Amino acid sequence: MEHQEERVHDEEEWHVEASAVIQDVKDCVSQIHISSLPSSNTTIFFNLTTRENNIYCVELTASGFRIVGSKYDDNSEPSDAYYETPYALLDTISPMYRESFSSALAAKLSQLVQEHEEPQDLDLVD
């Protein structure tokens, strides 16, 4: 993946973006939270434990997500591989994420079908 021009956010904007990522994937991983590593106007870090209990520190920049360490709050082992989305990263590192995501998607689709098929309660006025 080509490196994109660095996206500049203030620290609060990075925390909002990080919170949205956490909300999106929290049910498909064992743990995910914002790292205590300092964020900047171009970077924020996550601590992540997959369902396989593998531990990672993940960096988010305008270039995407990449693993930078194999323990929490550690960016001493930066990978060259960037992923455009957290889903692409998790799909690569966690087979159980794939299973969990697929199950959650199937359950949501089933719920939508059920809601669509249920008769709507209508108040009929005589």
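Things worth noting here:
- Candidate residues T61, T42: accessible-area rank, largest first, probe 1.4 Å: T42, T61
- Segment D24-M96, extension gain: residue separation times 0.36 nm, minus the distance between their alpha carbons: 24.3 nm
- Label-point separation in nm, N41 to S103, each point 7 Å along Cα→Cβ: 4.5 nm
- Within-13-Å neighbourhood charge of A107 [Cβ basis; K, R +1; D, E -1]: -2
- Neighbours of S79 by Cβ distance under 10 Å: Lys/Arg scored +1, Asp/Glu scored -1, total -2.
- Value of relative contact order over segment 10-53, rounded to a whole percent, pairs C-alpha under 8 Å and six or more apart: 40 percent
- Here the 3J(HN,Hα) profile of segment 23-34, calculated from phi with Karplus coefficients 6.51, -1.76 and 1.60 at θ = phi - 60°, is 4, 5, 10, 4, 7, 10, 9, 6, 8, 7, 7, 6 Hz, Gly and Pro shown as x.
- Taking one quarter of the surface of the C-alpha convex hull of segment 41-126 gives a mean projected area of 9.2 nm².
- Accessible area of F101 in the full protein assembly, 1.4 Å probe (Å², nearest 10): 90 Å²
The values are calculated or read from the model by the stated rules, or taken from the named source; none is laboratory data. Computed from a prediction, not measured in an experiment: that's the story for all the values here. When we count neighbours, we look across all protein chains shown, and the Cβ atoms used for this are built from the backbone with ideal geometry, even at glycine. Note: accessible area is taken over every heavy atom of the protein model, side chains too, but ligands, DNA and RNA are not part of it. Shrake-Rupley method; radii C 1.70, N 1.55, O 1.52, S 1.80 Å.
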